[in-house]
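Data block below; observations after.
No value in this document is a laboratory result; all are computed from the given coordinates. Predicted model, so just to flag it, every value in this text is computed and none were measured. Note that each Cβ is placed from the backbone with ideal geometry, even for glycine, and that neighbours are counted across all protein chains shown.
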Amino acid sequence: MRHFPIFLDLRGRRVIVCGGGEVACAKLRTLMRSEARVSVFCPDPHPAIEALAAEGRLVLQRRWLAEGDALCAAIVYGANGAAAEDARIAGIGRRAGALVNIVDDLDGSDFISPALVDRDPVVVAIGTEGTAPVLARSIKAETEARLPQALGPLARIAAEFRKRVEALPPGRQRREFWARYFDHAGPSALATGGETAVRSRLPELLVEARVGTADPGRVSLVGAGPGDPDLLTLRARQRLDAADVIVHDRLVPQPVLDLARREALFIDVGKRAGGPSWGQDAIDRLLVVHARRGAHVVRLKSGDPGVFGRLDEELDALDAAGIDWEVVPGVTAAAAAAAGIGRSLTRRDRNSAVSFVTAEDRNGQAEQDWRALAAPGHVTAVYMGLRSARFLQGRLLLHGADPALPVTAVENAGRPARRIIETTLSQLPEALARGGVAGPAILFLGLAPRASEAVPLPAVAEA
């Protein structure tokens, strides 16, 4: 280890940045988060630096650094990009007793600046000894995804309360108190009532720790998106990582499930047409039973839990049982499918509204306002429409839809196996059959792909 990692206290200390271009601005974006007194030396500074000086956030000297300017400075940064000038700056800084860093010059620097994940007061520093900045940024991105933004305020509030927690016996009891606070009680209170709620929850949590009250179970209803793990929200990934029990739909693919802890209990409650199927009442009971046992249950739904996901029924069951819950939205399949064909769901002068409909409900084929859906210029995203394509076609034509209405089928939206089939309303059932579309698929009525991405269909044999 050539560079020993330390955290330097800069509260009230001078830090000097020499340079006024983009490189200096990049350095200042990090420095301005600290409590240092920052001075910039440059005769022709960037407008962003001038703005910071006008706000009183730094001292701007419109000249180059001179001998004696670095007295009492903790750090001097050379951010000019000119070797001779940076070497002169380094000499002035070292003679004044300051640590020197020359941007992008490892050998000319006394230290290196790591990539930072900032959840003040929690800060994660990532360094590669200057050998692989791209790798450092990649690790930073992964770490950013795992550390919620709420961690900063939770840590600051915890510091205020730490003396009172010393009333608990040291060791396991204190560790369990802080685990409950950071893993669930704190984030839950922050999400529902802000920092005031967190400060109110901490004394209650301390009482519960003294009497040994068990941590109550809870349920997170999480949108898994269309299937690509990269399209999961940060919160969804965090909930998967913390889950004790994962109750998932059939359409949630293995790469998404692989993001969860291996120790978690996985329960597949997918509904399969013509095969074994979980009833909604049974799923509701399953969530309640595991939550009552103290588990953090993630109900993982394909797409967004609030779009044809029977979310309200599960929330009603949890409310009736007195179970704490949260909803984590996801990317719905229609949004992923529209992105896949290079089209927006709404467009000025084309359609000012878009309808999300399901072709099937608990009673079979679902009736809609067909006249509205058939109107010229309307765009409709149809979920679960493959088996009902003939029904959709008949209803729309009966209510005045144009037989030449463009229809696009997007199979496996958001996944590597995505396919796009372009057709018209008059040819819809035949096109799906010839294309071998097996699902899951979104049907767009009134929307064609931007480019020629559609799958060529076999020619229709002549009679």
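Values for this structure:
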| quantity | calculated |
| --- | --- |
| FRET efficiency, 1/(1 + (r/R0)^6) with R0 60 Å, evaluated for D110 and Q254 via beta carbons | 0.80 |
| Segments 295-307, 392-404, 9-21 sorted - mean Cβ within 10 Å per residue, highest first | 295-307, 9-21, 392-404 |
| Net charge of neighbours whose Cβ lies under 13 Å from the Cβ of L8, counting Lys and Arg as +1 and Asp and Glu as -1 | 0 |
| P(r) of the stretch 278-426 over all Cα-Cα pairs, binned every 10 Å from zero, in whole percent | 9, 33, 30, 19, 8, 1 |
| Pair R174, S138: separation of 7 Å Cα→Cβ label points (nm) | 4.0 nm |
| Spatially proximal aspartates and glutamates relative to K163 (Cα-Cα < 18 Å; intrachain offsets below 8 disregarded) | E176, E204, E208 |
| 5 angstrom amide H check on T424, placed H, neighbours 5+ away | V407 |
| Whole-Å semi-axes of the stretch 313-372's equivalent ellipsoid (Cα gyration tensor) | 31, 19, 11 |
| 13 Å Cα-Cα reach of K27 towards aspartates and glutamates, excluding residues that sit fewer than 8 places from it in its own chain | D104 |
| Overall form of the stretch 218-330 per C-alpha gyration tensor (a/c, 1.5; a/b vs b/c) | rounded |
| Considering only the chain, percent of DSSP beta bridges that pair antiparallel, nearest 5 | 35 percent |
| Gain on full stretching of the segment that runs from A167 to R33 - 0.36 nm per residue minus C-alpha separation | 44.8 nm |
| Separation in nanometres of the label points that stand 7 Å from Cα toward Cβ, at E22 and E208 | 5.0 nm |
| Where labels lie 7 Å past Cα in the beta-carbon direction, separation of A282 and R199 in nm | 5.0 nm |
| Exposed-loop-free span, longest in the chain, where GluC sites (Glu not before Pro) count as exposed if DSSP calls them loop and at most 13 other C-beta atoms lie within 10 Å | 264-366 |
| Signed unit charges on C-beta, dipole axis of the stretch 42-200, positive-most listed residue V165, H46, F111 | V165 |
| Overall dimensions of the stretch 113-170 by Cα: Rg and Dmax, Å | 15.3, 47 |
| Virtual paramagnetic centre 7 Å along Cα→Cβ of R95, amide N under 12 Å, in the stretch 50-69 | 66-69 |
| Cα gyration tensor shape of the stretch 145-241, rounded if a/c is under 1.5, else prolate or oblate by comparing a/b with b/c | prolate |
| Assigned charges on the beta-carbon of Lys, Arg, Asp, Glu; the chain dipole about Cα centre (debye) | 680 debye |
| Convex hull (Cα only) mean projected area of the stretch 14-113, reported in nm² to one decimal | 5.5 nm² |
| Binned Cα-Cα distance frequencies in the chain - 20 Å width, integer % | 19, 36, 33, 12, 0 |
| Fully extended contour minus Cα-Cα distance, from A448 to D312, at 0.36 nm per residue | 45.7 nm |
